[in-house]
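Notes follow once the structure below has been shown.
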Amino acid sequence: MADTIRGVCPQCGKKLEIPAELEEFSCLYCGARMRTEALQAKPVQAEAVEELLAQLPGCITRYPDLHLRIGKKDFFPTFAQYEQDNTPLLLQLDACCAGYPGGAEALAGHAAAVMLDGLAAHMEKDPRWGRRTRDNVFFDTKVALAIFFTPLLRKLQLELAEPLRTQLQTQWLARWPKQLWRPGDYDTLAGGFKKFRFCFITTATCAAEGKPDDCAELTAFRAFRDGWLRQRPDGPERITEYYAVAPSIVAGVEYCDDAPARYAEIRSRWLGPCYAALQRGEMERCYDTYRDMVQTLQERYGVQ
């Protein structure tokens, strides 16, 4: 493979990669003609990088209510505003990759450490930072990282995106191994909220257990939904409500929690008893148990 030179156009600031043998070239973006040596990445000033890195925790700490904005209605306008607010900083930081010693990988490792130091200090000042309510502080931060910050990195197609996403998760788990989360992807999240590609709670639980979509359990729950529940006076309203909140609940489970453990809890605490009630013909008991599950998970994952 031919050698290439990577750098930033001094005229428009766009990243370029050109064959090393060229003495001159034209920028693919702005058309400026220049000698190849002008593209050579210059070392970035350490002070300038640190100033940018110091702002990274603010991408999370300035938004204390993001965990309340992962419902279908709120997600899209909230993400759009979040993207508008934070894109300039991320673009500036990404432009430092070419001139940073060690490139994007090294910058990502340092950026993740600085960001998590800032988040740790912020969380420890939270009034809820007590033994019983600390998990709530962690969850709020995990939502911001998993469903807003890391999806934005990938959406912007930054050179820094994948190494920073990986470093944030890896370094987080090294600090707080029980607080599991994984980086999200905007297209997957958006598709899930728009088209219900996120499996509903029962389907997601059965899928986690390796059960097919047409298993006896799912078939029974669907028959309950389309029969007994739909015929109740409030049945259609409850079904619509469930369709609105279930994808957001599953997003919380999948991206911001220990998904296997949570699905096991859902199975033992709610779905198992629900299914047993259905088999006995106890429709009201099944309904009450299922409603309790949805309400509890809404509160846990901040879904409105």
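Computed from the coordinates by the stated procedures, all read-outs in this text should not be read as laboratory data. Since we're looking at a predicted model, the values are computed, not measured. Positions of Cβ are generated from backbone atoms using ideal geometry, with glycine treated the same way; all protein chains shown enter the neighbour counts.
For the range 40-113, what is the largest minus smallest coordinate of the Cα atoms on each principal axis, given in angstrom and ordered from greatest to least?
Result, largest extent first: 46, 22, 18 Å.
List Phe25, Phe75, Phe149 from most exposed to least, where exposure is judged by having the fewest other Cβ atoms within 10 Å.
Arranged by neighbour count, lowest to highest, Phe25, Phe75, Phe149 become Phe25, Phe75, Phe149.
Using θ = phi - 60° and the Karplus relation 6.51 cos²θ - 1.76 cosθ + 1.60, list the HN-Hα couplings for the range 45-58 in order, rounded to whole Hz, with x at every Gly or Pro.
Result, rounded to whole Hz: 6, 4, 5, 5, 5, 5, 5, 5, 4, 4, 8, 4, x, x.
Have a look at Arg232, Arg285, Arg262 and tell me which one the Gaussian network model of the chain (Cα, springs below 10 Å) gives the largest fluctuation.
Highest fluctuation among the options: Arg232.
Can you give the Rg to Rh ratio for the chain, taking only C-alpha atoms and Rh from Kirkwood?
1.09
Which value in Å does the Kirkwood hydrodynamic radius of the range 43-189 take, with 1/r averaged over all unlike C-alpha pairs and then inverted?
Roughly 15.6 Å, rounded to one decimal.
Sorting Tyr301, Tyr275 on the 10 Å Cβ count, fewest up front, what's the list?
Tyr275, Tyr301
Please list, by residue number, everything in the range 131-160 whose backbone N is under 15 Å from a paramagnetic label point 7 Å out along Cα→Cβ of Asp187.
151-158
Search the structure for amide H atoms under 5 Å from the amide H of Cys12, placed 1.01 Å from N in the peptide plane, and list their residues when 5 or more places away or on another chain.
none
Picking from Gly118, Phe76, Ala208, whose Cα lies most toward the positive end of the charge dipole for the chain (charges on Cβ: Lys, Arg +1; Asp, Glu -1)?
Ala208
Please name which of Phe138, Ala98, Tyr287 has its Cα lying farthest along the dipole of the chain towards the positive end, using unit charges on Cβ (Lys, Arg +1; Asp, Glu -1) and the Cα centre as origin.
Going by the Cα projections, it comes out as Tyr287.
So how strong a dipole does the range 47-162 carry about its Cα centre when Lys and Arg Cβ are +1 and Asp and Glu Cβ are -1, to the nearest 20 debye?
Once rounded to the nearest 20, the dipole reads 740 debye.
I need Trp129, Trp176, Trp270 ordered by Cβ neighbour count within 10 Å, fewest first.
By the 10 Å Cβ count, ascending, the order reads Trp129, Trp176, Trp270.
Work through the residues other than Ala54 whose Cβ is under 15 Å from its Cβ and net out their charges, Lys, Arg +1 and Asp, Glu -1.
Surrounding charge for Ala54 is -3.
Mind computing the radius of gyration and Dmax over the alpha-carbon atoms of the range 198-301? Å is fine for both.
So, for the range 198-301, Rg and Dmax equal 13.0, 37 Å respectively.
Which FRET efficiency, nearest 0.05, do Gln231 and Ala276 yield, Cβ-Cβ r, R0 25 Å?
0.70
Is there a quick way to get the dipole size of the chain? I mean about its Cα centre, with the Cβ of Lys and Arg at +1 and of Asp and Glu at -1; what is the value in debye to the nearest 20?
Magnitude of the dipole: close to 920 debye.
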